Amino acid sequence: VKDETLLGKRMQDGMSRGILLPSFVPAFLVPRALDASFQEDQHLMLDGVIRNPLQAEVVDELFTFIERDEPQGIVLELTPEAARARLIARGRFDDTNEEALKARFAWYEEQTVPALANLEKKGWRIHRFDGDRSIEDVQADIRAALNLSV
């Protein structure tokens, strides 16, 4: 986005309007970023990349290609009420419209939930955490589940 390329400008426009970018965007950007700076002995955490079944398939193929045999995922679960409150609090124009929020939640159920289920079928270990707790508590649970020290 900061390079103001054609794709960067389109991505900035889409993000500023609050729309979900097409699946080819993470499919293009994630391997490019990995190739530029990722080392084999590092952990890899992708945030917000797997949002639909196609993206899940691409990330699974990527992890297979870079020989990560025990991929894991983290899902922070919220009640619809808590998610609604957080979205409204962040203040984006598309987060204050009740119809847009309902559509976002329905999309999550229709797209993201099956994507995660597909990854589980492929052997991914998906950890689910109650995201409506303190940051410190959630972080401690994630670190414990992933066997990561402080």
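Under the rule of -39500 (n - 2.57) per DSSP H run of 4 or more residues, summed and divided by the residues of the chain, what mean residue ellipticity at 222 nm is obtained, to the nearest 500 deg cm²/dmol? List each step's numbers first, then the result.
Numbers: 7 runs with 79 residues, N = 150.
Helix-only estimate at 222 nm: -16000 deg cm²/dmol.
Computed with a 1.4 Å probe over protein heavy atoms only, the accessible area of Val58 comes to about 50 Å².
Residues whose amide H lies under 5 Å from that of Gly73, counting only those 5 or more places away or on a different chain, are Arg125, Ile126, His127; hydrogens are built 1.01 Å from N in the peptide plane. With all protein chains in place and ligands, DNA and RNA left out, the 1.4 Å accessible area ranks Asp94, Asp130 as Asp130, Asp94, largest first.
Largest accessible area first, the residues His43, His127 order themselves as His43, His127 under a 1.4 Å probe with ligands, DNA and RNA left out.
Let a ≥ b ≥ c be the square roots of the eigenvalues of the Cα gyration tensor of segment 56-97; is it rounded (a/c under 1.5), or, if not, prolate (a/b larger than b/c) or oblate? Before the final figure, lay out each step's value.
Values: a/c = 4.75, a/b = 2.67, b/c = 1.78.
Taking the square roots of the gyration eigenvalues as a ≥ b ≥ c, segment 56-97 is prolate.
Given a 1.4 Å probe and the protein chains as shown, Ser149 ends up with an accessible area of around 100 Å².
Given a 1.4 angstrom probe, what's the average accessible area per residue across the chain, in square angstrom? Display every interim value, and only then the final one.
Details: 10610 Å² over 150 residues.
Averaged over the residues of the chain, the accessible area is 71 Å².
Assuming charge only on the beta carbon of Lys and Arg (+1) and of Asp and Glu (-1), the dipole of segment 39-86 about its Cα centre is about 460 debye to the nearest 20. Between Ala33, Ala117, Ala82, the GNM of the chain built on Cα springs shorter than 10 angstrom shows Ala33 fluctuating the most. Residues Met15, Met45 ordered from highest to lowest accessible area at a 1.4 Å probe: Met45, Met15.
Taken as entire DSSP H runs, the helices of the chain never both span 27 Å or more between Cα atoms along their own long axis and average 1.6 or more on the Kyte-Doolittle scale. Here's the picture: charge each Lys and Arg Cβ at +1 and each Asp and Glu Cβ at -1 in segment 1-81, and of Ser23, Thr5, Val49 the one pushed furthest to the positive end of that dipole is Thr5. What shape does the chain take by its C-alpha gyration tensor, where a ≥ b ≥ c are the square roots of the eigenvalues and a/c under 1.5 counts as rounded, a/b above b/c as prolate, and the rest as oblate? Because a/c hits 1.5 or more and a/b fails to exceed b/c, the chain counts as oblate.
Please give me the summed charge of the neighbours of Gly8: other residues whose Cβ is under 13 Å from its Cβ, Lys and Arg +1, Asp and Glu -1.
Working: positive: Lys2, Lys9, Arg10, Arg32; negative: Asp3, Glu4, Asp13.
Combined, the nearby Lys, Arg, Asp and Glu give +1.
Here segment 29-150 is assigned +1 on the Cβ of each Lys and Arg and -1 on the Cβ of each Asp and Glu. Its dipole about the Cα centre then comes out at about 240 debye.
Across the accessible surface of the chain, with the other protein chains kept in place and a 1.4 Å probe, carbon and sulfur atoms take up 53 percent. Once Lys and Arg get +1 and Asp and Glu get -1 on their Cβ, which of Ile66, Gly123, Ala82 lies farthest toward the positive end of the dipole of the chain? Of Ile66, Gly123, Ala82, it is Ala82.
The values are calculated or read from the model by the stated rules, or taken from the named source; none is laboratory data. No experiment lies behind these values; they were computed from the predicted model shown. When we count neighbours, we look across all protein chains shown, and the Cβ atoms used for this are built from the backbone with ideal geometry, even at glycine. Calculation scope for accessible area: heavy atoms of the full protein, side chains included, ligands and nucleic acids excluded. Shrake-Rupley method; radii C 1.70, N 1.55, O 1.52, S 1.80 Å.
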